[in-house]
Each structure stands twice: as C-alpha cells, then as structure tokens.
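Okay, handing you the structure first.
The values are calculated or read from the model by the stated rules, or taken from the named source; none is laboratory data. Because the structure is a prediction, the values reported are computed rather than measured. Backbone-built Cβ (ideal geometry, glycine too); neighbour counts: all protein chains shown. SASA here: full protein model, heavy atoms, side chains in, ligands and nucleic acids out. Shrake-Rupley method; radii C 1.70, N 1.55, O 1.52, S 1.80 Å.
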Amino acid sequence: MIDSHQPRFAQGVQSVLLALAFLLDLRIVVPLLALVLGAAALGGPRFNLFAYLYRALPIPRGEPEPAAPPRFAQTLGTIFLMTGTVFLFTAEAKSTLWWALGWGPALLVTVLAGLAATTGICVGCEAYLWMGRVKASRA
C-alpha cells in the first residue's frame, strides 16, 4: 500500500524534469529517470526516490491505495525511457531520425506523467486494471 498522493507527486516531478531536459537537450536526464523509475518498479516504495522526497516535504497525505497499478505504470515508463536512451546515445544520435526516436518515447512519458499529475488519469494504472479485468473474465 502507498499514499494515494505520492504517485501524482512523482509523476509531476518526472514530467517537469523531462520537459526541461527536452527543452535544454539534457539527454542524460532520460537514463537517470529510467533508473529511478526502474528501481521504484522493481523494489517498490522502499527504493522509490520520489517517495522519499514526497515524505520529506510538508504535503497533505492521502488515503492508502494498492501499489501494484503505479508500479506497473513505472515499469512501462522505464521501458519507454530506456528505449529513448538507446536511441539518444547511439553513434547517429545527432541525426534528426535518431533524435526523434530518442525523444519520442521520453516525451510520451512526459505527457502521460503530466496528465496523471494534473488530472489523476494514470494511463499505465488503467492498463493494469484493464488487464486484470480481462484476465478475470477469462477465468
């Protein structure tokens, strides 16, 4: 179980960091955020850097909620950011195609994290819940 406000806080931070990284062409932010998300997805709240930051700030706390949907969303974010990293740091990264293939997945994560932070609509979380319903209906 995790605090219901913590994922939105983390998604807001991710969205801002990735948007700034894109605007300033700070490619190194993409693999760093992939590592942060990957650690959170694999290790849970104990390995979530954003969870520690959230708990350290004087932010009103939410209700407990299951950690599985946000962890699934973090896994998807990690996959997209690692894909972007591969393209951003290839030998041909200076070309427009490789630049677009690198920043494309990272910007998708930026937009979806921003959507989740501002509206509460977490596409990765919804995908997790949808897959659970599909699996249950087949049983």
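With +1 assigned to the C-beta of every Lys and Arg and -1 to the C-beta of every Asp and Glu, and no other charges, what is the dipole magnitude of the chain about the Cα centre in debye, to the nearest 20?
260 debye
Using alpha-carbon positions, what is the distance between the centroids of segment 71-139 and segment 39-58, in Å?
19 Å
Another question, if that's okay. Diagonalise the Cα gyration tensor of the chain and give the resulting equivalent ellipsoid semi-axes, square root of 5 times each eigenvalue, largest first, whole Å.
Sorted largest first and rounded, they come to 27, 19, 12 Å.
Here's another thing I want to ask about it. Quick check on the chain: helices-only [θ] at 222 nm, where DSSP H runs of length 4 and up contribute -39,500 (n - 2.57) each and the sum goes over total residues. Nearest 500, please.
-25000 deg cm²/dmol
With charges only on Cβ, +1 for K and R and -1 for D and E, what is the dipole size of segment 29-95 about its Cα centre, in debye, rounded to 20?
That gives segment 29-95 a dipole magnitude of about 140 debye.
Summarise the accessible area of segment 71-139 (1.4 Å probe, protein heavy atoms) by the percent that is carbon and sulfur.
Summing carbon and sulfur atoms, their accessible area is 72 percent of the total for segment 71-139.
Once the piece of chain linking Arg55 and His5 is laid out straight, how much longer is it, given 0.36 nm per residue of separation minus the C-alpha distance between them?
17.0 nm
Please state the shape class of segment 35-113: rounded when a/c is under 1.5, otherwise prolate if a/b exceeds b/c and oblate if not, all from the C-alpha gyration tensor.
Prolate shape, in that a/c is at least 1.5 and a/b is the bigger ratio.
Ok, one more. From Cα pairs below 8 angstrom and at least 6 apart in sequence, can you work out the relative contact order of the chain, rounded to a whole percent?
34 percent
Further question on the same structure: In Å², and per residue, what accessible area does segment 13-139 have when probed at 1.4 Å with the other protein chains present?
Per residue, segment 13-139 has 59 Å² of solvent-accessible surface.
May I ask for the longest run of the chain untouched by trypsin sites (Lys or Arg not before Pro) that are loop-located per DSSP and have at most 13 neighbouring C-beta atoms (other than their own) within 10 Å?
Of all site-free stretches, the longest is 1-60.
Distance in nm between label sites at Lys94 and Val123, each 7 Å beyond Cα in the beta-carbon direction?
3.3 nm
How much solvent-accessible surface does Leu24 expose, in Å² to the nearest 10, with a 1.4 Å probe and all protein chains in place?
Counting only protein heavy atoms, the figure is 110 Å².
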